[in-house]
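The values are calculated or read from the model by the stated rules, or taken from the named source; none is laboratory data. What you see is a predicted model; the values in this text were computed from it and never measured. Methodologically, a virtual Cβ is constructed for each residue, glycine included, from the backbone with ideal geometry; neighbour enumeration extends over all protein chains shown. For the accessible areas, the whole protein counts, side chains as well, though only heavy atoms, and no ligand, DNA or RNA atoms are used. Shrake-Rupley method; radii C 1.70, N 1.55, O 1.52, S 1.80 Å.
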Amino acid sequence: MKFSFSKNAVPTSGVAAILVGEGGKLSTIGAALDKKSGGALKKAMKTAKFEGKKGKTLVVYAVAGLEAVILLGAGGKKDSNTEYDIQKLGGALVPVLNGHRFVKVSVYSEEKLGAFSAEHVAAHIAYAAKLKAYYFGKYFTKKKDDEKPAFKELAAFSPNAKAAEDKFKVLDKVAEGVYLTRNVVTEPPNVIYPDSLAKIAAAELKPLGVTVEILGQKEMEKLGMGALLGVNQGSSKEPRLVVMQWKGGKASDKPVAFVGKGVTFDTGGISIKPSEGMGDMKYDMAGSGAVIGAMKALAGRKAKANVVGIVGLVENMPDGNAQRPADIVKTMSGQTIEVLNTDAEGRLVLADALWYCQHRFKPKYIIDLATLTGAITIALGRHYAGLFSNSDTLSEQLFKAGKAVDEKLWRFPTDDFYDRQIDSVIADVQNIGNEKGAGSITASKFLERFVNKTPWAHLDIAGVAWASKDLDLCPKGATAFGVRLLNQWVRDFVEGK
Ligand code: BES
Ligand code: ZN
Ligand code: ZN
């Protein structure tokens, strides 16, 4: 996809997208085009009852010497309160471009929208269009070009091209992180397995100045990571722990840390899942995908923060050597776990990854992301991720950051009585609760036993990592939920603090 930025001028060819205010109010360029076409734009708006409502579009072909004009409703003042409001305009444009098979569009941003400058608007529309136009087509060998998305190029026009481009350059790094996450989450599980994902992380991040260490089976055995290793025991592949460090802050600043669940395929193990829908479990590494993508975004835009990313990568397979229900494993922390259900494996991986993280880095905050429980989708559906935390401050920060980028979080209670439900009769802890219900909460209480009082938040992204319908800024499929959220949190609460 190509993006360019230029100074506003009345277009004379191609496809132009013009923002239209509430009530059909045309901008200067819109009015000039209307005049040139003998009032064709106004006539079309009237006939189509197009009133410039937020996100509505009207395509008018062959006017004012252009191939087409796309009238894009920007709505009224109340419709441009947040950056996300602006981004929705860019998102709305993409299906129109593909639907009409327009390859290139010129978008005109001439004046402020709400509190946002014309340049801010141009940059965020371009960014959002890139997010929405994501396409994963590498495994189609027979599709013809005209069966693939048409839209390839966006030229953004505004009063100050340089200012718009400078803003876009930063946003584009975030989009690149999102793309990386969506790619690795979408790839099939024969392509993405612990070693291949670790190699992708290294190849993507090292050139950006991120330190990447990859620990294998032997190193993890030495560290005593019996919980993570137990999950991988039935797999013919080796597990990996990837440790990424971005040092963009002051050397004296404690880092913040992101930890991701990376089960590259979750069959359930011996507690095997039903076959229907099992293929969905290729995205059980979406937490690790988001951590890797967030590291790419932060390093790409050279965030002024010290950030550690850790992903625990395993494959949960049934096999003669697989872990059994009732096995007891010993974690790096020294605590023992009775594994009563081999399908509650994410928490076993995170137990060792979280402990390793707090022990080695003493981070200011730890945020883990995991497709941890099916129960979170029962509670929240597919639009909110679950937030579980031992820190009110961190919870509030994440809540705000999530709202700003529309990766919304909802906090759950984490009272001590939930913790009693995972006390085992034979070991320190068991990996499923001993009462019905609250499965997402007991899972979080399990994780909490391995953060050693570090201020921490757990995001259960099982319901939001994969979209079954198109979203504002994402086609259906892997969403990369968490990348934009973590980036926003670092921007608003870590950098410069
Ligand atoms: N990977 C699953 C959770 C999941 C479900 C992710 C749906 C994405 C979509 C997890 O490992 C799991 O199987 N959890 C069990 C826990 C149970 C055995 C306590 C679940 O949710 O059923
Ligand atoms: Zn599972
Ligand atoms: Zn899982």
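If you go through segment 351-376 and pick out every residue that is in contact with a Leu (Cβ under 9 Å, 6 or more places away or on another chain) and under 22 Å from F412 (Cβ atoms), you end up with 10. One residue alone among V263, V311, V231 is outside any loop (DSSP other than H, G, I, E, B) and more than 16 Å from ligand 2 (Cβ to nearest atom), and that residue is V311.
Residue check: is I426 open to solvent by less than 60 Å² (accessible area, probe 1.4 Å), in contact with a Ser or Thr (Cβ under 9 Å, 6 or more places away or on another chain), within 21 Å of T342 (Cβ to Cβ) and not small (G, A, S)? No: the conditions fail for I426.
Note on segment 253-280: residues that are within 11 Å of ligand 1 (Cβ to nearest atom) and in contact (Cβ under 8 Å) with a residue 60 or more places away in the chain total 10. What number of residues within segment 429-457 are more than 16 Å from ligand 2 (Cβ to nearest atom), surrounded by 16 or more Cβ atoms within 10 Å (Cβ to Cβ) and closer than 18 Å to L354 by Cα? Number satisfying all stated conditions: 11. Do we have any residue at all in segment 232-245 that's exposed (fewer than 14 other Cβ atoms within 10 Å of the Cβ), in contact (Cβ under 8 Å) with a residue 60 or more places away in the chain and farther than 27 Å from F493 by Cα? The answer is yes; a qualifying residue exists. K144 meets each of the listed conditions (1) over 23 Å from the mean Cα position of the chain (by Cα); (2) in contact (Cβ under 8 Å) with a residue 12 or more places away in the chain apart from (2). Taking segment 393-497 and the helices (runs of 4 or more DSSP H) fully enclosed by it, the elements with 2 or more residues that are over 19 Å from the mean Cα position of the chain (by Cα) and on the phi < 0 side of the Ramachandran plot are at 416-420, 439-448. Being in contact (Cβ under 8 Å) with a residue 60 or more places away in the chain, of a type in the set (S, T, N, Q) and closer than 15 Å to V105 by Cβ holds for only one residue in S4, S13, and it is S4.
Matching residues to (1) more than 13 Å from ligand 1 (Cβ to nearest atom); (2) in contact with a Ser or Thr (Cβ under 8 Å, 6 or more places away or on another chain); (3) more than 30 Å from V174 (Cα to Cα):
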position	(1), (2), (3)
V291	yes, no, no
A303	yes, no, no
G309	yes, no, no
D319	yes, yes, yes
P325	no, yes, yes
Q335	yes, no, yes
Q358	yes, yes, no
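Those strands (runs of 3 or more DSSP E) of segment 42-156 in which at least 1 residues are open to solvent by 40 Å² or more (accessible area, probe 1.4 Å) and closer than 23 Å to F5 by Cβ, considering only elements entirely within it, cover 57-61, 104-108. If the condition is being charged (D, E, K, R), open to solvent by 10 Å² or more (accessible area, probe 1.4 Å) and within 16 Å of ligand 3 (Cβ to nearest atom), then segment 331-345 contributes only D343.
Could you say whether any residue in segment 214-224 is crowded, with 19+ Cβ neighbours inside 10 Å and small (G, A, S)? No: zero hits. For the residues F412, F388, F399, the requirement of being closer than 13 Å to H458 by Cα, touching a helix residue (DSSP H, G or I) at 6+ places or on another chain (Cβ under 7 Å) and open to solvent by 20 Å² or more (accessible area, probe 1.4 Å) singles out F412. If the condition is being of a type in the set (D, E) and out of contact with any helix residue (DSSP H, G or I) (no Cβ under 6 Å at 6 or more places or on another chain), then segment 419-445 contributes D423, D428, E435. Residues in segment 334-346 that are touching a strand residue (DSSP E or B) at 6+ places or on another chain (Cβ under 8 Å) and within 12 Å of ligand 2 (Cβ to nearest atom): 5 in all. Residues to consider are I328, I292, I310, I272; find the one that is modelled with pLDDT of 95 or more, more than 16 Å from ligand 3 (Cβ to nearest atom), more than 13 Å from Q245 (Cα to Cα) and β-branched (V, I, T). One residue alone meets the criteria, I328.
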